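J.: Encoded as structure tokens, here's the structure I'll be asking about.
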Ligand SMILES: Cc1cc2nc3c(=O)[nH]c(=O)nc-3n(C[C@H](O)[C@H](O)[C@H](O)COP(=O)(O)OP(=O)(O)OC[C@H]3O[C@@H](n4cnc5c(N)ncnc54)[C@H](O)[C@@H]3O)c2cc1C
């Protein structure tokens with residue numbers, strides 16, 4: 001989303017009015033002095049380019065300068081959207097059309113304001129920019145991770161999606177991330193969060209090197225993924241399957257991966273509120289639930305083969321990450337020692353959805369704190385089914401905590 005400099009009023013309506021007034025005054029002032037209106041846009045993602053497109057369409061004489069920290073434009077369209085989703089990146093054609101205008105200048109490798117993470121980027125203070133333009137649009141996206149704020153988050157082997165996605169898409173600042181995907185993970189890679197980015201990451205981790213080679217994935221990532229030993233992925237969400245942020249289309253893309261199984265989910269255990277609700281589910285959600293419940297087994301294809309798999313877990317929130325590195329942790333769990341500073345397990349607590357706003361609240365239970373130990377691959381299956389409570393009486397699981405991961409260093413996102 002783009003915001004325009006000038007006003008910071010209290011009420012949104014007031015903000016909009018003032019913005020429109022300021023904009024009109026500035027355009028009028030520029031046109032009466034005969035000079036072209038000069039607009040600076042900070043950030044060259046879709047928000048910046050679509051703003052430039054609309055602005056230049058309505059102001060043919062205007063000059064637009066677009067500042068970008070990176071040497072190349074298009075923001076997360078280039079460095080976020082998955083490399084095997086070429087069709088999503090088609091918007092670049094529109095952006096190229098904008099960039100081909102003689103009234104448009106792209107100024108790459110220049111960070112406006114704060115100093116940049118990018119080693120080659122020059123920094124220009126905002127005050128210098130403001131002197132030279134009639135208006136400045138800020139469309140710099142989101143350039144920092146949102147932390148979980150739980151113990152152990154900084155252990156080795158835990159990556160934010162921003163880092164990991166930037167790494168496989170060739171973002172210069174993560175070129176050296178070097179996630180070791182070949183450490184012989186015994187079981188799970190955890191992906192925490194179940195939106196479209198989670199689905200992208202799971203797909204990229206499970207695609208074969210031959211499939212990845214057809215995409216515009218970064219060469220260093222293709223090389224590392226070709227040697228990957230990742231086998232089973234668990235995608236974990238704080239809310240239930242009905243509220244999951246991924247779409248049926250994204251789910252189907254996982255089912256379509258040849259030689260990958262999708263573990264069926266026993267949805268009845270997790271949807272008590274909806275079982276008791278008389279309201280039918282909207283058709284897209286119903287389709288997604290049916291697909292999740294069905295799963296995909298390849299046992300008939302080759303019963304002797306241990307196929308890679310994806311498992312979905314719902315209503316689980318991470319509580320802490322642990323290590324068996326004796327130098328490091330206060331929360332060491334028993335088991336073989338981890339390499340220095342590496343994560344060895346993650347502990348989750350059950351959540352229940354608030355009946356009104358579907359917000360995932362942690363279950364209030366001492367068990368949340370008590371139940372953690374080494375990873376038991378059957379732990380989730382052994383959880384007791386959710387009692388069929390009324391929506392206004394959220395329930396507590398008797399064994400609410402699931403401790404995940406392998407005794408070997410694990411890889412979590
Ligand atoms: C992994 C992933 C997958 C996605 N997949 C899809 C998808 O399939 N379909 C879809 O529609 N959306 C997808 N999105 C979302 C989409 O990419 C974003 O919504 C969109 O890119 C946001 O656009 P933006 O212009 O606001 O920000 P960005 O695209 O982030 O662009 C901001 C730009 O500003 C630059 N910048 C930052 N600070 C400064 C500064 N101080 N000075 C100069 N430049 C600066 C940054 O380098 C960046 O290039 C995905 C996002 C991610 C992370």
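J.: Which ones in the range 333-355 are closer than 20 Å to residue 155 by Cα and at pLDDT 65 or above?
T.: Those that are closer than 20 Å to residue 155 by Cα and at pLDDT 65 or above: 341, 342, 343, 344, 345, 346, 347, 348, 349.
J.: Would you check which residues across the range 100-118 are in a loop (DSSP other than H, G, I, E, B) and within 11 Å of the ligand (Cβ to nearest atom) and list them? Before you say what the answer is, go through the steps one by one.
T.: Within the range 100-118, the subset in a loop (DSSP other than H, G, I, E, B) is 100-103, 108-109, 113-118.
108, 109, 113, 114, 115, 116, 117, 118, listed by residue number.
J.: Consider residue 133 against the criteria (1) over 25 Å from residue 309 (Cβ atoms); (2) more than 10 Å from the ligand (Cβ to nearest atom); (3) exposed (fewer than 15 other Cβ atoms within 10 Å of the Cβ): it satisfies all of them except one. Which criterion is unmet?
T.: (3)
J.: Here is a follow-up. What is the residue count in the range 56-85 for residues that are assigned to a helix (DSSP H, G or I) and without any contact (Cβ under 8 Å) to a residue 60 or more places away in the chain?
T.: So the count comes out to 4.
J.: Follow-up. Consider residue 241 carefully, then state whether it is touching a helix residue (DSSP H, G or I) at 6+ places or on another chain (Cβ under 6 Å), surrounded by fewer than 18 Cβ atoms within 10 Å (Cβ to Cβ) and more than 20 Å from residue 78 (Cβ to Cβ).
T.: Values: touching a helix residue (DSSP H, G or I) at 6+ places or on another chain (Cβ under 6 Å): yes; surrounded by fewer than 18 Cβ atoms within 10 Å (Cβ to Cβ): no; more than 20 Å from residue 78 (Cβ to Cβ): yes.
So residue 241 fails the test.
J.: Also, quick follow-up: Looking only at residues that are away from the ligand (no atom under 16 Å from the Cβ) and surrounded by fewer than 17 Cβ atoms within 10 Å (Cβ to Cβ) in the range 157-179, which one is nearest to residue 108 (Cα to Cα)?
T.: 176
J.: Further, regarding this structure: Counting only residues that are under 21 Å from residue 218 (Cα atoms) and in contact with a strand residue (DSSP E or B) (Cβ under 8 Å, 6 or more places away or on another chain), how many does the range 69-116 have?
T.: 3
J.: Here's another thing I want to ask about it. Go through the range 52-79 and count every residue that is within 11 Å of the ligand (Cβ to nearest atom) and surrounded by fewer than 21 Cβ atoms within 10 Å (Cβ to Cβ).
T.: Going through the range 52-79 one residue at a time, the tally reaches 5.
J.: Moving on to the next point. Inspect all residues belonging to the range 86-96 and state whether any of them is touching a residue at least 60 places away in the same chain (Cβ under 8 Å), more than 10 Å from the ligand (Cβ to nearest atom), touching a helix residue (DSSP H, G or I) at 6+ places or on another chain (Cβ under 8 Å) and over 17 Å from residue 138 (Cα atoms).
T.: No, there is no match, as no residue in the range 86-96 is touching a residue at least 60 places away in the same chain (Cβ under 8 Å), more than 10 Å from the ligand (Cβ to nearest atom), touching a helix residue (DSSP H, G or I) at 6+ places or on another chain (Cβ under 8 Å) and over 17 Å from residue 138 (Cα atoms).
The values are calculated or read from the model by the stated rules, or taken from the named source; none is laboratory data. Bear in mind the structure is a predicted one, so any value in this text is a computation, not a measurement. A quick note on method: Cβ atoms are made from the backbone with ideal geometry, for glycine too, and the neighbour counts reach across all protein chains shown.
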